[in-house]
1. Just checking, which of Asp435, Asp459 is free of Cβ contacts under 8 Å to residues at least 24 places away in the same chain, surrounded by fewer than 23 Cβ atoms within 10 Å (Cβ to Cβ) and more than 19 Å from Gln386 (Cβ to Cβ)?
2. Which of the numbered conditions does Ile348 fail, given that it passes all the others? Conditions: (1) touching a residue at least 24 places away in the same chain (Cβ under 8 Å); (2) surrounded by fewer than 20 Cβ atoms within 10 Å (Cβ to Cβ); (3) over 22 Å from the mean Cα position of the chain (by Cα).
3. Can you find even one residue in the range 430-449 that is hydroxyl-bearing (Ser, Thr, Tyr) and over 30 Å from Leu358 (Cα atoms)?
4. Which condition number does Arg477 fail, the rest of (1) part of a helix (DSSP H, G or I); (2) open to solvent by 60 Å² or more (accessible area, probe 1.4 Å); (3) modelled with pLDDT under 95; (4) under 21 Å from Leu156 (Cβ atoms) being met?
5. Looking at Thr140, Thr126, Thr134, Thr155, can you tell me which residue is more than 20 Å from Pro315 (Cα to Cα), in contact with a strand residue (DSSP E or B) (Cβ under 7 Å, 6 or more places away or on another chain) and of a type in the set (Val, Ile, Thr)?
6. Report, by residue number, each residue of the range 118-140 that is in a strand (DSSP E or B) and either under 16 Å from the mean Cα position of the chain (by Cα) or not basic (Lys, Arg) (or both).
Amino acid sequence: MNAMSFTTLDGAKATVDAAAVDAFSAQIRGTVLREGDAAYDGARSIWNSMIDRRPALIVCCVGASDVVAAVNFARENKLLVSVRGGGHNIAGSAVCDGGLMIDLSLMKSVRVDVAARRAWVGPGATLVDVDRETQAFGLTVPVGINSTTGIAGLTLGGGFGWTTRKFGLTIDNLVSADVVTADGKLLRASQSENPDLFWALRGGGGNFGIVTAFEFQLHQFGPQVLSGLVVHPFADAQKVLREYREALETAPDELTCWVVMRQAPPLPFLPAEWHGKEVLVLAMCYCGDIEAGEKATRKLRAIGSPIADVVGPNPLTGWQQAFDPLLAPGARNYWKSHDFTELSDSAIEITTAAIAKLPGPECEVFFAHIGGAAGRVAADATAFPQRSSHFVMNVHARWREPAMDKACIDWARGVYEATRPYAVGTAYVNFMPEDEIDRVEAAYGGNYRRLLEIKQRYDPQNLFRMNQNLRPKEGLRAA
């Protein structure tokens with residue numbers, strides 16, 4: 001073989017001399033995979049099974065030097081680049097067709113400094129890696145709700161979960177990051193070093209470089225947490241949602257309660273006659289003293305006539321994995337999401353009507369309530385734009401058979417369009433599928449122009465484009 005074919009940044013095909021590929025591979029301390037290698041298919045497989053792409057090369061990095069070498073090789077040869085952390089992104093941006101995939105999944109170390117309450121985390125770590133290591137010392141950083149999610153993608157998009165109202169977004173707890181930029185330099189980004197880059201990394205996604213290490217502030221919390229589910233018959237959904245909305249008006253920062261509407265899985269605490277029937281679930285977590293949590297959750301738990309109430313003390317690490325069985329890899333997934341400043345009657349009516357038309361047993365609609373500490377950060381303090389107390393709606397279509405693609409995608413899009421008049425226009429970029437390219441400007445709201453300027457400074461050729469992309473030259477011309 002005298003040359004290797006690649007997809008370039010502009011989508012064309014080009015060849016790279018085999019000797020150059022071999023020389024590059026020799027620089028890598030990790031592994032370089034090609035199609036046909038035993039580990040190739042496993043490396044290109046990600047959480048959303050709809051994504052089936054074949055990179056020309058997969059570079060399995062074990063350190064920052066591997067990342068620098070891969071970025072330099074891609075830039076010098078104008079190759080299409082994708083970057084994999086946990087591989088959980090709904091859009092499948094971790095994997096490219098015909099280009100160079102930079103795989104960080106081996107870089108998953110987590111080091112905790114108990115005295116300083118700091119954690120240094122590799123970009124390949126998943127949330128379970130972070131939780132287990134920090135909770136061993138009774139410490140935590142706010143992360144998401146599915147333990148197989150990668151810390152890198154979660155953080156770069158903002159990051160919210162059960163402890164966000166108490167401790168802020170994941171990005172609000174980011175102290176610094178080591179970043180390989182498009183010119184192959186390794187920079188430190190913090191409030192005092194490259195502060196513009198640090199601002200952009202906190203919500204701006206993977207547009208500005210590849211983070212090779214995250215430094216987080218930690219909080220004393222755990223190992224026990226009051227958490228659990230209250231399951232309601234779906235016939236009561238609209239009444240429950242209105243009372244839920246009212247109860248949140250006086251909820252303390254320590255209390256987080258989300259809503260999930262779907263068909264009931266065969267949970268052991270649910271009577272068998274409810275399995276497979278539509279239900280509304282209040283999922284709650286109290287970030288504080290267990291006894292205080294019992295009082296704080298009382299109003300929410302008094303709503304309606306629930307089928308089951310299994311709220312009680314649980315290990316925080318266990319609660320962080322509670323939804324994993326419903327979000328395991330291997331299914332086809334398509335999401336549509338909105339931000340709402342209030343849970344209006346109209347939004348309630350539309351979403352409850354949608355549950356009556358579920359296209360499959362794994363499809364759902366959930367509302368995440370965000371505010372508290374996260375809402376007391378200025379909208380322009382980080383790239384993450386939506387800092388008011390708000391609800392994030394995610395219409396989660398999930399199914400197994402390709403024949404169901406159209407029905408499930410159409411259902412999600414229909415709910416999204418019907419609720420659009422009641423949304424505020426911003427969006428959580430980690431929930432955006434790959435067909436929402438034109439929504440990026442609205443998603444970032446008033447922070448969009450500054451993000452474009454920083455993108456132009458650090459990645460003018462848009463090497464890092466496999467993401468919710470900020471297109472520097474085009475965007476600045478149009479702005």
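1. Numbers: Asp459 fails: free of Cβ contacts under 8 Å to residues at least 24 places away in the same chain.
The conditions single out Asp435.
2. (2)
3. Kept after step one, since they are hydroxyl-bearing (Ser, Thr, Tyr), are these residues of the range 430-449: 444, 448.
So of that shortlist, the ones also over 30 Å from Leu358 (Cα atoms) come out as 444, 448.
Yes, because at least one residue in the range 430-449 is hydroxyl-bearing (Ser, Thr, Tyr) and over 30 Å from Leu358 (Cα atoms).
4. That leaves (4) as the condition not met.
5. Working: Thr140 fails: more than 20 Å from Pro315 (Cα to Cα); Thr126 fails: more than 20 Å from Pro315 (Cα to Cα); Thr134 fails: more than 20 Å from Pro315 (Cα to Cα).
Exactly one residue qualifies, and that residue is Thr155.
6. Going through the range 118-140, the residues in a strand (DSSP E or B) turn out to be 118-121, 126, 139-140.
Those that are in a strand (DSSP E or B) and either under 16 Å from the mean Cα position of the chain (by Cα) or not basic (Lys, Arg) (or both): Ala119, Trp120, Val121, Thr126, Leu139, Thr140.
Residues checked against (1) touching a residue at least 60 places away in the same chain (Cβ under 8 Å); (2) part of a strand (DSSP E or B); (3) within 27 Å of Glu76 (Cα to Cα); (4) more than 17 Å from the chain's Cα centre (by Cα):
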residue: Met393; (1), (2), (3), (4): no, yes, no, no
residue: Asp405; (1), (2), (3), (4): yes, no, no, yes
residue: Gly425; (1), (2), (3), (4): yes, no, no, yes
residue: Arg449; (1), (2), (3), (4): no, no, no, yes
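Results for (1) modelled with pLDDT under 95; (2) open to solvent by less than 40 Å² (accessible area, probe 1.4 Å); (3) acidic (Asp, Glu), shown as yes or no for each residue.
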site: Asp172; (1), (2), (3): no, no, yes
site: Arg188; (1), (2), (3): no, no, no
site: Phe214; (1), (2), (3): no, yes, no
site: Thr256; (1), (2), (3): no, yes, no
site: Glu273; (1), (2), (3): no, no, yes
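The values are calculated or read from the model by the stated rules, or taken from the named source; none is laboratory data. Remember, it's a predicted structure, so these values are computed and weren't measured experimentally. In this analysis, Cβ positions are derived from the backbone assuming ideal geometry, glycine residues included, and neighbour counts consider all displayed protein chains. Areas reflect the complete protein model, heavy atoms only, side chains present, ligands, DNA and RNA absent. Shrake-Rupley method; radii C 1.70, N 1.55, O 1.52, S 1.80 Å.
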